[in-house]
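Below you'll find the structure, written out as structure tokens, and then a few comments.
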Amino acid sequence: MTTTHAPNAASHPAPPAESYARGATATPLIEQTLGAFFAAMAARQPEREALVSRHQGLRYTYAQLQAEARRLASALLRQGLVPGDRVGIWSHNNAEWVLMQLATAQVGLVLVNINPAYRTSEVEYALNKVGCKLLVTMARFKTSDYLGMLRELAPEWTGQQPGKLGAMKLPLLRTVVWIDGGTDAAGGQGAEEPGLLRFSELIARGDAADPRVDAVAAGLAATDPINIQFTSGTTGFPKGATLTHRNILNNGFFIGECMQLTPADRLCIPVPLYHCFGMVLGNLACFTHGSTIVYPNDGFDPLSVLQTVQDEKCTGLHGVPTMFIAELDHPRFKEFDLSTLRTGIMAGSPCPTEVMKRVVEQMNLREITIAYGMTETSPVSCQSSTDTPLEKRVSTVGQVQPHLEIKIIDPETGAVVARGQRGEFCTRGYSVMHGYWGDEEKTREAIDAEGWMHTGDLATMDDAGYVNIVGRIKDMVIRGGENIYPREIEEFLYRHPQVQDVQVVGVPDEKYGEELCAWIIAKPGTKPTEDDIRAFCKGQIAHYKVPRYIRFVASFPMTVTGKIQKFKIRDEMKDQLGLSEAKTA
């Protein structure tokens, strides 16, 4: 027997613990494709409800959803598509979206999520960047005319045949399918669209028993790319994060584990499907646990969320902080019975502590969890669980997910920092993306030679391994040599009784290099003043952390996923105040 001698602790004190953690590995990773996994789930519980799309009046059991997805997969193969081909979806939330997610996975097509907020130049870039051969799109939504935008890009289509399209600006796109809701009247969207296919017409061309579906599926691997999501960069063109079956199926599973999902759960998903939040934290968390997906509407509407939770007896609810605020502050909030709720996820942007407390107390979400991640990591790296102490749930993003490693490093030296110190959050493991589509250089910038994904987020890790995101490296404000983290100021200002929401940014200043600016949304019925806010800060936070500029606004500029666009706040304040960037040596 070999023995080892521990060093003398008295003469060799242990170095401070490093900000590094590794997730549990007791539960093995799923090594199936998404199609194979879903087929097995449907066989196990065919009659359990899988999907409710309230605004469409549609309901599917697991067996029905599997049959329709197979029929659509067959139809896609009959369009001449082969594994590896890219297929775009440009739509808000609906049953057609999830059918596309399942059907493309079954036959190895790469689903390309396109932001419904994109306009002509953006959709042209996205479709051509990854070479989409087929696109499924909404016809119109509110003021967005999707088919009108496509025809503006490709006027040549009018005289062409469906499946044989060709246009100078969209040279690779052959087929465009518009979502008609399966009705002859096309939901009031117009009778015919020359050169384009109705979704109902496309799916009718498929056969759920088509033997080619199984033949193609047999040749797929879990490590094959299956999904491309464009990251919403604040500068430059969006990058196409490419994800595999293994990436997103496992992430969805472990997210559901944190929420303790079971087939008895019904999850209300008002967050967009084109983003990882809806597609992975929503759809795949449910499908990996046999739970029911409930879409309250195509776009976010707080009233329809509250009504849906009550009527469908939802046990879970997802949302970004701004969504939960809109629900809590809706004038009819108290009319609804939310007693069936227990869990869900708040994510997408930093979760204000005060908002989290209101959600737990007023919406019955006592087992709500916080998740943190990024598109490039499928997306979740850290999450709290249903039994995480409330104090940790409201102040951290939880601990490392299973089968992953995380570390916090000095951005300058790359050295792992001690527990409690700030640094850049990095992660490694099964969840790290395949790469940015067609961009090896950007991929190498993001993922180092040892496989670590560098997030650009500033974080700390406590002695128990709980992680706190304190901001973006690029968001950090340096005022007269002092490093200031806007998140810290925001958390403090949320305690003011008249502050509903707040964002803090740095703006240029000749004397100090940068000064702080706070944009505040006041609670309904209140009218705080700049002096009120400054008086609240006095003696509570350091003088240099008190915002010099305070503006009261009705809303913040944000992406459709609820991410605050701080660079737009900064740009607007520079214009308002006539400021220019401070000169640096």
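The values are calculated or read from the model by the stated rules, or taken from the named source; none is laboratory data. All values reported here derive from a predicted model rather than from experimental measurement. Every residue, glycine among them, receives a Cβ derived from its backbone with ideal geometry; neighbour counts consider all protein chains shown. Keep in mind that these areas ignore ligands, DNA and RNA; they rest on the heavy atoms of the full protein, side chains included. Shrake-Rupley method; radii C 1.70, N 1.55, O 1.52, S 1.80 Å.
Data overview
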quantity: Cβ-based charge dipole, the chain, positive-most Cα from 492, 395, 77; calculated: 77
quantity: Electrostatic dipole magnitude of the chain [Cβ: Lys, Arg +1; Asp, Glu -1; Cα centre; debye, to 20]; calculated: 240 debye
quantity: Simple label model, 7 Å out from Cα along Cβ direction - residue 63 to residue 548, nm; calculated: 6.9 nm
quantity: Relative contact order computed over the chain (Cα-Cα under 8 Å; 6+ residues apart), in percent; calculated: 12 percent
quantity: Residue 40-residue 313 FRET efficiency (beta carbon distance; Förster radius 25 Å; 0.05 resolution); calculated: 0.40
quantity: No Cys partner within the rule (Cβ under 4.7 Å), the chain; calculated: 132, 258, 276, 286, 351, 382, 426, 517, 537
quantity: Computed lengthening from residue 412 to residue 17, 0.36 nm per intervening residue step minus Cα-Cα distance; calculated: 140.2 nm
quantity: Over region 207-295, relative contact order from alpha-carbon pairs under 8 Å, at least 6 apart, %; calculated: 25 percent
quantity: Length gained when the stretch residue 152-residue 328 is fully extended (0.36 nm per residue, less Cα-Cα span); calculated: 59.3 nm
quantity: Packing rank of 524-537, 488-501, where each peptide gets the mean count of other beta carbons within 10 Å, highest leading; calculated: 488-501, 524-537
quantity: Shape call, region 17-139: gyration tensor on alpha carbons, a/c limit 1.5; calculated: oblate
quantity: CD proxy at 222 nm, helix term only [per DSSP H run n ≥ 4: -39500 (n - 2.57); per residue of the chain; nearest 500]; calculated: -8000 deg cm²/dmol
quantity: Euclidean distance of C-alpha centroids, region 471-534 and region 115-135, integer Å; calculated: 36 Å
quantity: Furthest towards positive pole of dipole, 289, 217, 279, structure part region 212-334, Cβ charges; calculated: 217
quantity: The chain - accessible surface per residue (Å², probe 1.4 Å); calculated: 42 Å²
quantity: Calculated from backbone phi, Karplus (6.51, -1.76, 1.60) coupling profile of region 255-271 in Hz, x at Gly/Pro; calculated: 5, x, 4, 4, 7, 6, 5, 9, x, 7, 7, 10, 9, 7, 10, x, 7
quantity: Cα→Cβ-extended label distance, 7 Å offset, between residue 231 and residue 26, nm; calculated: 3.4 nm
quantity: Contour excess over end-to-end distance, with Cα ends at residue 440 and residue 538 and 0.36 nm allotted per residue; calculated: 30.3 nm
quantity: Sequence-separation-based contact order of region 50-140, relative, with Cα cut under 8 Å and 6+ spacing, percent; calculated: 31 percent
quantity: FRET efficiency estimate (nearest 0.05) - Cβ-Cβ, residue 510 to residue 337, R0 51 angstrom; calculated: 0.35
quantity: Cut-off 11 Å, label 7 Å out along Cα→Cβ of residue 576, residues of region 519-549 by amide N; calculated: 519-521, 549
quantity: Dipole axis of the chain (+1 Lys, Arg; -1 Asp, Glu on Cβ), positive-most option in 176, 381, 199; calculated: 199
quantity: Label-point separation in nm, residue 387 to residue 128, each point 7 Å along Cα→Cβ; calculated: 5.5 nm
quantity: Peptides 72-81, 160-169 ordered by average Cβ neighbours within 10 Å, highest first; calculated: 72-81, 160-169
quantity: Solvent-accessible area, 1.4 Å probe, carbon plus sulfur percent, for the chain; calculated: 51 percent
